[in-house]
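Here the structure is laid out as structure tokens; the discussion comes afterwards.
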Amino acid sequence: MELCFATNNLHKIQEVQAILAGRHTIRGLADIGCTEELLEEQDTIHGNSFQKADYVFRTYSVPCFADDSGLEIEALDGAPGVHSAYFAGPQRSHQDNMNLVLSKLNNTDNRKAQFRTVITLVTPSMTQQFEGTLNGTILTEKRGAGGFGYDPIFLPDGYNKTLAEMSAEEKNQISHRAKAMEKLMKVLVSFK
Ligand code: ITT
């Protein structure tokens, strides 16, 4: 089967292609002629993930999966959540976003948080969502230079390194995105 992964990130596409080689052909957005920016107008991560996959399926008539992710902080009632990419403003600065989180949690003892990824698969016969989470705590300062987003201030439970202090391979073993992707892959490999 030919499937679209609704992303322009070639690295992500190649990774999935390698897992499904011989079973399915994975196309990126550019490969199916989709050059417009996909809208993310919903107020949940689940909603945005569905909006992207459903739009591509209906517009380009190709089975599609799309992902959306965010950081949910318990003491902030789940914020930044679906607004993670632009929490501190439309400049979408990872540094500004982290600084805002640190200032909002100043003097707060409860520093529990989780990353969440939701992948939505839409085909002619079904719509299904796959979720992955990673629990941890928000530190009081940034540590490490790897990864992206909120990685320097996120310490996964059971580890003494932030996600930004891990190698890409280490992060990929435990990440919310990897867990959601693994669930999707299990379904896709058994798919005709
Ligand atoms: P695309 O939607 O274009 O793929 P994005 O930056 O919006 O890019 P996501 O939807 O996956 O990426 O995530 C939204 C934001 O959540 C992202 O900008 C980060 O601020 C944060 N985030 C998601 N996954 C993260 C991770 O693994 N480490 C750190 N921050 C992450």
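The values are calculated or read from the model by the stated rules, or taken from the named source; none is laboratory data. All values derive from a computational prediction rather than experimental measurement. Neighbour counts are summed over all protein chains in view; Cβ atoms, including those assigned to glycine, are modelled from backbone coordinates with ideal geometry. We work out accessible area using only protein heavy atoms, side chains counted, and drop any ligands, DNA or RNA first. Shrake-Rupley method; radii C 1.70, N 1.55, O 1.52, S 1.80 Å.
Odds and ends about this structure:
- Rg/Rg_ref, the stretch 96-135, where Rg_ref = 2.2 N^0.38 Å and atoms are Cα: 1.86
- Principal-axis tilt of helix 10-20 within the chain, Cα atoms, nearest 10 degrees: 60
- Cα shape, the stretch 20-79, gyration tensor, a/c 1.5 rule: prolate
- Peptide ranges 145-155, 48-58, 97-107 listed from the most packed, as the mean C-beta count within 10 angstrom indicates: 48-58, 145-155, 97-107
- Within the chain, percent of DSSP bridges classed antiparallel, to nearest 5: 85
- Sequence-distant contacts, meaning Cα pairs under 8 Å at least 6 residues apart, place the relative contact order of the stretch 54-133 at 34 percent.
- Among the listed pairs Lys112/Lys179; Lys112/Lys142; Lys104/Lys171; Lys104/Lys142, those beyond 18 Å (Cα-Cα): Lys112/Lys179; Lys104/Lys171
- Applying a 4.7 Å Cβ-Cβ cutoff to the chain, the cysteines left without a disulfide-compatible partner are Cys34.
- GNM remark for the chain: springs join alpha carbons under 10 Å apart, and the peak mean-square fluctuation among His11, His94, His24 falls on His11.
- Relative contact order (%) - criterion: Cα under 8 Å, at least six apart; region: the stretch 66-192: 22
- Within a straight-line Cα-Cα reach of under 14 Å, Lys192 can be paired with the following aspartates and glutamates, leaving aside sequence neighbours fewer than 8 residues apart in one chain: Glu2.
- For the stretch 55-119, the carbon plus sulfur part of the accessible surface works out to 47%, probe radius 1.4 Å.
- Residues of the stretch 6-52: accessible area per residue with a 1.4 Å probe, Å²: 61
- Chain lengthening between Asn110 and Phe148 when straightened (0.36 nm per residue, less Cα-Cα): 11.3 nm
- More than 29 Å apart - percent of Cα-Cα pairs taken over the chain: 25
- When each of the peptides 136-143, 66-73 is scored by how many other beta carbons lie within 10 Å of its residues on average, the order from highest to lowest is 66-73, 136-143.
- Cβ-Cβ distance of Thr137 and Asp96, R₀ of 22 Å, FRET efficiency by 1/(1 + (r/R0)^6): the value works out to about 0.55.
- Sequence-separation-based contact order of the stretch 1-126, relative, with Cα cut under 8 Å and 6+ spacing, percent: 26
- Gyration tensor (alpha-carbon) shape descriptor, the stretch 3-52, a/c threshold 1.5: prolate
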